[in-house]
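The values are calculated or read from the model by the stated rules, or taken from the named source; none is laboratory data. Source: prediction; values computed, not measured. Please note: Cβ atoms are built from the backbone with ideal geometry, for glycine as well, and neighbour counts cover all protein chains shown. Only protein heavy atoms, including side chains, enter the accessible area calculation; ligands, DNA and RNA are left aside. Shrake-Rupley method; radii C 1.70, N 1.55, O 1.52, S 1.80 Å.
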Amino acid sequence: MAFKRSIFASASEDRLENLVLERLKPGADKEKIDARIWDLFGEVWCIMFTDLSGFSRGVEKFGIIHFLQTIHESERVLVPIIEDHDGILLKSEGDSFLVIFRNVGKGLQAAIRMQKELLEYNKDKIPEEKILLCVGLGYGKVLKIGDSDVFGSEVNTASKLGEDTAEAGEILITQTVFDNAQETGLKFETIKDVPAGTNGAYRVLY
């Protein structure tokens with residue numbers, strides 16, 4: 001199965017690279033090439049970026065073994081929740097996850113479950129062993145390259161919210177997530193720090 005995934009990812013990456021190279025040629029019809037790229041790779045997804053609050057400071061203070069333990073535990077606790085909500089974990093880099101969901105509802109449900117699960121996990125942990133999660137969510141049309149990566153404005157904005165803006169325990173969302181979450185019954189509040197790429201940003205109240 002892993003071999004098949006690598007073939008599909010490679011084929012997608014090669015196709016995209018060839019189109020980008022064609023786009024760079026003098027006199028290239030960039031509008032036509034862009035349309036082909038979007039036709040081939042354009043899909044609508046809910047994008048989740050996660051980050052662990054204070055992680056870099058913890059590594060500096062407690063060392064690389066502590067780093068590995070925290071990474072292992074975060075994956076052990078959180079990956080099954082992602083899978084239970086039909087999420088696809090595209091990347092796990094250091095203390096960050098990049099996850100995609102087919103719809104906003106499942107992305108939000110997964111984020112809330114992840115935070116609540118960690119609240120329970122942290123109850124009997126000493127401060128340096130607590131896992132403190134920050135989450136950012138975006139939603140919209142992206143370029144999905146195999147099962148290896150996604151690109152787009154909502155990807156960038158979700159990354160900014162999850163990795164730079166959110167505090168421990170927070171779930172922050174873009175305007176498009178908010179617009180598509182009105183039937184979930186959840187409550188939200190606006191935040192002042194709105195990153196580029198979205199008209200508004202909100203905190204999920206859970």
Mind listing whichever residues of segment 60-102 are at pLDDT 90 or above, in contact with an Asp or Glu (Cβ under 9 Å, 6 or more places away or on another chain) and assigned to a loop (DSSP other than H, G, I, E, B)?
-> Arg102
Pairs where the first residue, in segment 66-80, is without any contact (Cβ under 8 Å) to a residue 40 or more places away in the chain and the second is among the aliphatic types (A, V, I, L, M) and part of a helix (DSSP H, G or I), C-beta under 7 Å, 6+ apart = Phe67/Val59
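Among Gly63, Gly54, which is the only one that is closer than 26 Å to Tyr202 by Cα, open to solvent by 20 Å² or more (accessible area, probe 1.4 Å) and either of a type in the set (A, V, I, L, M) or more than 16 Å from the chain's Cα centre (by Cα) (or both)?
None of the others qualify; the one that does is Gly54.
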With criteria (1) closer than 19 Å to Ser53 by Cα; (2) crowded, with 17+ Cβ neighbours inside 10 Å; (3) touching a Ser or Thr at 6+ places or on another chain (Cβ under 6 Å), Asp193 comes up short on (2)
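Among the residues of segment 128-151, write down those that are of a type outside the set (Lys, Arg) and more than 12 Å from the chain's Cα centre (by Cα).
Filtering segment 128-151 down to residues of a type outside the set (Lys, Arg) leaves 128-129, 131-140, 142-143, 145-151.
Of everything in segment 128-151, those that are of a type outside the set (Lys, Arg) and more than 12 Å from the chain's Cα centre (by Cα) turn out to be Glu128, Glu129, Ile131, Leu132, Leu133, Gly140, Val142, Leu143, Ile145, Gly146, Asp147, Ser148.
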Starting from segment 189-206, keep only residues that are in a strand (DSSP E or B), then list their pairs with residues that are open to solvent by 80 Å² or more (accessible area, probe 1.4 Å) and among the hydrophobic types (A, V, I, L, M, F, W, C) whose Cβ atoms are within a distance under 8 Å, requiring at least 6 positions of separation or different chains.
-> none
Go through segment 105-161 and count every residue that is open to solvent by less than 60 Å² (accessible area, probe 1.4 Å), basic (Lys, Arg) and either part of a helix (DSSP H, G or I) or in contact with an Asp or Glu (Cβ under 8 Å, 6 or more places away or on another chain) (or both).
-> 1
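Mind listing just one residue for me: the one in segment 165-182 that is in contact (Cβ under 8 Å) with a residue 12 or more places away in the chain and open to solvent by 60 Å² or more (accessible area, probe 1.4 Å) and, of those, nearest to Val142 (Cα to Cα)? Show your work before the answer.
Of segment 165-182, the ones in contact (Cβ under 8 Å) with a residue 12 or more places away in the chain are 165-178, 180-181.
Narrowing the set further to residues that are open to solvent by 60 Å² or more (accessible area, probe 1.4 Å) leaves 167, 180.
Numbers: Glu167: 26, Asn180: 16 Å.
Selected residue: Asn180.
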Every listed condition ((1) under 24 Å from Val44 (Cα atoms); (2) over 16 Å from the mean Cα position of the chain (by Cα)) holds for Leu172 save (2)
